[in-house]
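Data first, discussion second: the structure below is written as C-alpha cells.
The values are calculated or read from the model by the stated rules, or taken from the named source; none is laboratory data. The shown structure was predicted, so the numbers you read here are calculated from the model rather than taken from an experiment. As a convention, Cβ positions derive from the backbone with ideal geometry for all residues, glycine included, and neighbour counts pool all protein chains shown.
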Amino acid sequence: MALVYCRECGKQVSDQAPTCPNCGAPQRAAPIAGARPVKSRGAAIILALLLGGIGAHKFYLDRPLQGLLYLVFCLTFVPAIIAFLEAIAYALTSEAEFHKTYG
Ligand SMILES: [Zn+2]
C-alpha cells in the first residue's frame, strides 16, 4: 500500500482508497472504455500470409480452436489456401468492422 496525494485537496491518501477521506474527491480515474489492447488488422494479415498454414492468425485473433484445426491439417496445405483468402478478406474489411469482429 502506498500513499498518494489527493488530486483535489493535496492531502495524503492511500492509493487503495476510492475517494479522498478528507474532501471526498474520487481518487481513481474511471476505466476508459475500450482500453484493452486491440488486435491489429495489419498483423493479422501478415500472420495469415506468412504463417496462415499453421493458423497463426487464428491464435492471434483469439480463435485457438480454429487455429488448432489449421495446425492439424497444415500438411494438406488446405489451411494455407484458406489463410491466404482470409488475408484478402481482412484486407477488404474496414478497420472498424475488423475491430467489431475481433476486438
Ligand atoms: Zn482530498
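Couple of notes before you dig in:
- Residue in region 89-97 that is assigned to a helix (DSSP H, G or I), among the β-branched types (Val, Ile, Thr) and modelled with pLDDT of 90 or more present: no
- Residue check: PRO31 meets all listed conditions (1) modelled with pLDDT of 90 or more; (2) more than 16 Å from the ligand (Cβ to nearest atom); (3) outside any helix (DSSP H, G or I) but one, namely (1).
- Filtered residue count, region 1-17, keeping only those that are without any contact (Cβ under 8 Å) to a residue 12 or more places away in the chain and under 31 Å from the mean Cα position of the chain (by Cα): 1
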